[in-house]
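The structure appears right after this line, and notes come after that.
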Amino acid sequence: MKESINQDVMKQLNAIKVFSYIREQGKATRKQIEAAMDLSWGAVSNITARLLEKGYLVESKGEKGSANGSGSGRIPSFLAVNDRQYYVLGVDINITRLTVELVNLKGESVRQWSGEPDYRSSDALLTGVQDLLQRVIGECSGDVILGIGVAMQGIVDARNGISISLPQCPGWQDIPLAALLESWFGRPVYLEHDPNCVLRAEVQDRPRGNLLLLRIDKGIGMALLSEGRIFTGPGMLEIAHTIVVPHGAKCSCGGEGCLEAYVSEEGLSLLSGIAFPAAAERARSGDPAILALFGNMALYLGVAINNILRLFKADEIILCGDMMRYRDLFLDQVRQWLAGNSFCREPETLKISFSENERAAYGAALMAIPKVIENLNI
Ligand SMILES: [Zn+2]
């Protein structure tokens, strides 16, 4: 009995390894799989037959004469991941916007949806997420959705699927978000801190080495790519509530002088006493008091970037989030500050780029796909 269980487990593990290999390669012949995976021809034939039968793979015939230049004999056929039928949903629960993307197992985005979040209370926000996902899943009724990846703002315990806090949303505390969504939608749910998801989407098409990403909207979040790997761990890299002014401005977390109290839409709104977009418009029309707040924001953002670069040597910084729509009000000052103060490195070698349409939902789906594949029943 025990032996047969072990055999089943091995079969499943090998099937997942074969599927992941084909996914990484784009396409592969059975011969290539046999050589790369150290499996017998019989095992490769069995596994690929099961993967084809379940629709996880598709097979395409090679062209006559193209394989190995032989021009005669059997033409090997290629196996590739099916880009239809099976999907993962990525969700970005952002205070500015709710976004959902349908992503196939190749990692290609197929469809997108968005909705307005209501963050007046935790119940309102949860109901909004539930309604949007219900609509999306209803519209995808012909597709198999294998799992859901969620990009979440605030403090996140990704391992346990818990959204620990979202200071801008009253009552949002220790929400077992993954378990809740699993109970609503009957699919595995994987939670991630939203800047990690934006970073994952950024490096999908253009892999890079060491990168710092700051997502600034109603709050501020940070992610790091270190030698090609995203830095993850509970409670790590919580840049938002690092202190830049001891006993400074009140922050939504209850603390004082946090970076987020000066460098975020919510912070600028509290400091100016005006809703954020209106405050930004006033600054653009020359209101000196609000321009001074943007000046402070540039200073503290520059300080934060400088301090991070002392601890972590990034080759590139990506600034993203809703705040980038107003970068004319602060970015030159950030650059000037960095150029004047970064004594440990040549500022001109540091590339600062932007992403206005950051894709946290897409990144959440990309991060969920390997976990979904591990649990495929093959
Ligand atoms: Zn704070």
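Put simply, of Phe312, Phe330 the only residue that is over 16 Å from Gln168 (Cβ atoms) and surrounded by fewer than 21 Cβ atoms within 10 Å (Cβ to Cβ) is Phe312. Against the test of being of a type in the set (Lys, Arg), in the same structural domain as Leu366 (by TED's automatic domain parsing) and away from the ligand (no atom under 16 Å from the Cβ), the options Arg229, Arg187 yield a single qualifying residue, Arg187. When the residues of the stretch 232-253 are filtered to those that are in contact with a helix residue (DSSP H, G or I) (Cβ under 9 Å, 6 or more places away or on another chain), at pLDDT 90 or above and not small (Gly, Ala, Ser), the one that is surrounded by the most Cβ atoms within 10 Å (Cβ to Cβ) is Cys251. For Ala124, the conditions (1) in a loop (DSSP other than H, G, I, E, B); (2) without any contact (Cβ under 8 Å) to a residue 12 or more places away in the chain all hold with the exception of (1). Kindly provide the set of residues from the stretch 222-266 that are out of contact with any strand residue (DSSP E or B) (no Cβ under 9 Å at 6 or more places or on another chain) and of a type in the set (A, V, I, L, M, F, W, C), ordered by number. Scanning the stretch 222-266 gives no hits. Filtering the stretch 336-378 to residues that are in a loop (DSSP other than H, G, I, E, B) and at pLDDT 80 or above leaves Glu358, Arg359, Asn375, Leu376, Asn377, Ile378. The residues in the stretch 272-312 that are more than 25 Å from Leu224 (Cβ to Cβ) and among the polar types (S, T, N, Q) can be counted, and the count is 3. Residues of the stretch 233-253 being under 18 Å from Gln173 (Cβ atoms) and within 10 Å of the ligand (Cβ to nearest atom), which ones? Answer for the stretch 233-253, where residues must be under 18 Å from Gln173 (Cβ atoms) and within 10 Å of the ligand (Cβ to nearest atom): Glu238, Ala240, His241, Cys251, Ser252, Cys253. Of all residues in the stretch 254-295, those that are under 29 Å from the mean Cα position of the chain (by Cα), surrounded by 20 or more Cβ atoms within 10 Å (Cβ to Cβ) and more than 10 Å from the ligand (Cβ to nearest atom) total 7. Among the residues of the stretch 174-210, those that are surrounded by fewer than 23 Cβ atoms within 10 Å (Cβ to Cβ) and modelled with pLDDT under 95 comprise Val203, Gln204, Asp205, Arg206, Pro207, Arg208, Gly209, Asn210. For Lys218, the criteria (1) part of a helix (DSSP H, G or I); (2) within 14 Å of the ligand (Cβ to nearest atom); (3) closer than 23 Å to Glu358 by Cα hold in every case but one, which is (1). Considered as a group, the residues in the stretch 166-182 that are assigned to a strand (DSSP E or B) and more than 16 Å from the ligand (Cβ to nearest atom) include one that is nearest to Asn94 (Cα to Cα), and that residue is Ile175. Out of the stretch 221-231, which residues are loosely packed, with under 14 Cβ neighbours inside 10 Å and part of a loop (DSSP other than H, G, I, E, B)? Selection gives Glu227, Gly228. Evaluation of Leu89 against the conditions (1) in a helix (DSSP H, G or I); (2) at pLDDT 95 or above shows that the sole unmet condition is (1). Residues in the stretch 306-329 that are over 26 Å from Ile93 (Cα atoms) and aromatic (Phe, Trp, Tyr): Phe312 only. The criterion of being farther than 27 Å from Met222 by Cβ and of a type outside the set (Val, Ile, Thr) does not hold for Leu180.
The values are calculated or read from the model by the stated rules, or taken from the named source; none is laboratory data. On a predicted model such as this, the values are computed, not experimentally measured, just so you know. Counting neighbours? That spans all protein chains shown, and the Cβs are built from the backbone with ideal geometry, glycine included.
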